Amino acid sequence: MCPIESRRLLGVIALLFSALQVSISLNKVELSVGESKFFICTAIGEPVKLEWYNPQGERIVPSKRMALHTEASRSRLIIYNAIIEDAGIYRCQATDASGHTEEASVVLEIYQRLTFRDVQSPQEFRHGETAEVVCDVISSPVPVVVWYYQDKEITEEHHSRFQVLANNNLQIHQVTKADEGVYRCEASVEARGEIDFVDIAVVVNVPPVLSVSQQSFNATADYQESVTFTCITSGSPDPVVSWHRKGQELEPSEQYILNRLEGGRSMLTIRNIRQGDGGTYSCKATNKAGTQERELFLKVFVQPHIIQLKNVTAVEGSAAMISCVAEGEPLPDISWRRASDGQTFMDGDKSQDGRFEVRGRHGKSVLTISGVKLADLGRFDCEALSRIGGHQKSMFLDIEYIPKFLTNHTIYYSWEGNPVNISCDVMSNPPATMLWRRERFTISAEGTANTRVHSAEGKSVLEVTPMSDRDFGRYNCTARNNIGVRYQEFILAQADVPSNPYSVRLSAVSQRLATVTFMKPDSHGGVPISYYLVQYKEVGSQDWRDVKSHSIQTTVVLTGLEPNTTYEVRVAAVNGKGQGEFSHTETFQTLPIREPSPPAVHGQRGMGKTYRLGLVKQDDGGMPIVEYIVKYKTDKEEQWMTKLVPGANDFAMLQPLQWNTRYEVEITARNVKGLSEPTFYQFFMPQKPDITAESLFSGLGLGAVVGLGLGALLLILVLVDVSCFFLRHCGLLMCITRKLCSKKTATSGKGKEIEEGKAAYLKLPLKEENGKESLKPDTIEIKVHSDNSIHTKPDDSKA
């Protein structure tokens, strides 16, 4: 071949390869509804873009159901879950750089496969109604539906009650229980040779049928009898049986027993029948097809019934007659029971003491009580019994009696100007009227200049404020009701001051402290002791120092005493009448001043190269600790380092110390008297820690770091509190504001409380038991200051 022809051939081949060509992997595709498919479009040449167009000529953009994956000369179209509307011609178009386009197409046909939509099984129908068995099936084209029952096709010629409707459902006229079974709905599409079926269970419900073997029953109330009703039911499905009375369904209980047996038998048992159980009951059977109800009747006979029984009131010492009348068939026998002890009395009975006797006749019984006593007061039960049953009622026997005084406390103590309450307590029925007399003169309810009368039911209180010796003596309380009158005499005696305490003892005596204990007086003078007066002084001095005990405590701690000093102490008891005699004077001497005891020591490592040594003061020897002398050194050195710590301090800070070193410490306490014995202590400083945080804060020191932290926390708290004040009207700032606003009112109220506290003395009844009063020793601390002022500090115990 010549060169010219070769060049022409090569040009033609190049032209062919440079021409744009488009092809799709498939030409025609059939796809069922719901299926997914993809198509590949390939371009030969040099396309600059590939695009797909739907059957409506619109360019396809990616979506949830249609996806595009395009490369340089290849593009894939994916259609997910196809629908009928997706059918048509899809085009793939390629465009080169010069704007020239080429395209290829594919035909997509969509069809609906056979599909049964939500076909229920079983399907239930009521006996005798027209049933429509639903079979909802779709396809394209429209399917042909055939029904089968017991493997035979249903045709209208052979089954006149059966009919296939236009919607492919099967209609059964006047359906019966015999029509129950499994029906097959078969659908086919001849064009595709497609066929499918579904089996449907048809259930025919038959309404309940109910019968009873006996409709009327008799029973006797309150005789623990039981009656059983029986209902026999049939139907499909098996009916649910319920029992009803007065419109309310009966629930299982101790009285109502419900049972269901085979053969459709349902039973209701009524236990312990009472009169109120009589009446109409109904048995109700229910299923899906309907309800049926039958009535049954229960007649209850009445047992004995008490128709007359009344409460009785009798006077102590007289006779009482109690009558009980009952009715019933047959007439019941009547008996009596005394509730206080359970003793019973039958017709014709008589008690051993002859006071109780029963007589009865024709449903009436009379209980006679002779010589009625207060012990007879209370409930009596009347019981009527027959072979059918019984009935019981109760009555109350009330006893009226002359007033009776309830207390033997007839001696009261007081003194001139001190009011005392004399109480006269009375029990009586009916309630008594009460009067006070003095030397044959009646004290009026309004009272006199120094007497007042306070009355309540069963109680009268005479308040007497003695003004002279004439007001002491005998007072008479008179109680009277319609049964009789009684008198009680009371004596108002002059109270005396207590006798002197004794057995004064001193214990726990030190340089500054002493504990005084003593025994209470033999007599408190008829008036309760208020407190004890403890007096003490230095021997040779004429000035006694007074100390009041807290309440009636018999142990007192004296503080603020002078060391190495001899004191005298005595004790007197004080009641509302006044102060009694002092006890025998006891002498004691406080301990002399000496050197302090060695201090107790405990240690704790501080920040960095420091060690905190805690100092706990022991006995100071009677004088304050002036200073602590702290000497310390390493275990490898001979020379001691000394640090003086003020006596008021409770710690010593040792610094700077060496890392990884053991230290020995010697601590001595000093007062004006001298030095204590030394206390020895050892501790070990660990190796130097490698912590960057320590280097960061070492320049600031412990106090600066803690101060910064507390300052930041305080700032946050202030901001939060101010926000709460303005937004929610709460917080510390709000509390301070309200406190300032109410301070004036609170101050005036406090003064009133102090004044009221001063008036807390002796409006109580005065009492002395055999001249002595049981008092519990307690402890009170009394501190004497340099200015001779006295402060008491009670302990937490109660008098």
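Key figures
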quantity	calculated
Kirkwood-based shape ratio for region 117-205, expressed as Rg/Rh from alpha carbons	0.97
Angstrom value of the Kirkwood radius, inverse mean 1/r, which spans all Cα pairs in region 600-685	13.3 Å
Antiparallel content of DSSP bridges confined to the chain, in %, to 5	90 percent
Heavy atoms of His127 accessible to a 1.4 Å probe, total area in Å² rounded to 10	80 Å²
Ranked order, Trp640, Trp52 - accessible area, probe 1.4 Å, largest first	Trp640, Trp52
Amide H contacts under 5 Å for Glu124, placed H, 5+ residues apart	Val203
Of Gly57, Met623, His602, farthest towards positive along the dipole that unit charges on Lys, Arg, Asp, Glu beta carbons give the chain	Met623
Rg to Rh, two decimals, where region 31-128 supplies the alpha carbon set and Rh follows Kirkwood	1.28
Globularity ratio of region 322-431, using Cα Rg and 2.2 N^0.38 Å	1.68
For region 69-180, radius of gyration divided by Kirkwood radius, i.e. Rg to Rh on alpha-carbons	1.34
Interchain or long-range residues, amide H under 5 Å from Gly447's placed H	Val453
Mean shadow area of the chain over all directions, Cα convex hull, nm²	93.4 nm²
Portion, in percent, of the accessible area of the chain that falls on carbon or sulfur, probe 1.4 Å	52 percent
Between region 241-310 and region 472-502, the Cα center-to-center distance that results, in Å	72 Å
Accessible area in square angstrom per residue, region 600-685, 1.4 angstrom probe	56 Å²
Other-chain or far-sequence residues with amide H under 5 Å of Glu627's (modelled H)	Gly647, Arg670
Helical contribution to [θ] at 222 nm, DSSP H n ≥ 4, -39,500 (n - 2.57), averaged over the chain, rounded to 500	-3000 deg cm²/dmol
Residue-by-residue Karplus 3J(HN,Hα) for region 626-632, coefficients 6.51, -1.76, 1.60, Hz, glycine and proline x	7, 7, 10, 9, 10, 10, 8
Filter on Lys310/Lys364; Lys246/Lys393; Lys643/Lys688 - keep pairs with C-alpha separation over 22 Å	Lys246/Lys393; Lys643/Lys688
Rounded to the nearest 20 debye, dipole of the chain from Cβ charges on Lys, Arg, Asp, Glu	2700 debye
Leu733 accessible area, assembled protein chains, probe 1.4 Å, Å²	60 Å²
Region 213-298: projected area of the alpha-carbon convex hull, averaged over directions, in nm²	5.5 nm²
Per-residue ³J(HN,Hα) for region 607-616, Karplus 6.51 cos²θ - 1.76 cosθ + 1.60, θ = phi - 60°, Hz, x for Gly and Pro	7, x, 9, 10, 9, 9, 9, x, 10, 10
Using θ = phi - 60° and Karplus 6.51 cos²θ - 1.76 cosθ + 1.60, couplings along region 547-558 (whole Hz; Gly, Pro as x)	9, 8, 6, 7, 6, 10, 5, 10, 9, 10, 9, 8
Solvent accessible area, Å² - Cys735, 1.4 Å probe, full protein context	80 Å²
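The values are calculated or read from the model by the stated rules, or taken from the named source; none is laboratory data. For clarity, every value in this text was computed on a predicted model and none was experimentally measured. Cβ sites come from the backbone with ideal geometry, for glycine too, and all protein chains shown count toward neighbours. The protein model used for the area step is the full one, side chains on, heavy atoms only, and it has no ligands, DNA or RNA in it. Shrake-Rupley method; radii C 1.70, N 1.55, O 1.52, S 1.80 Å.
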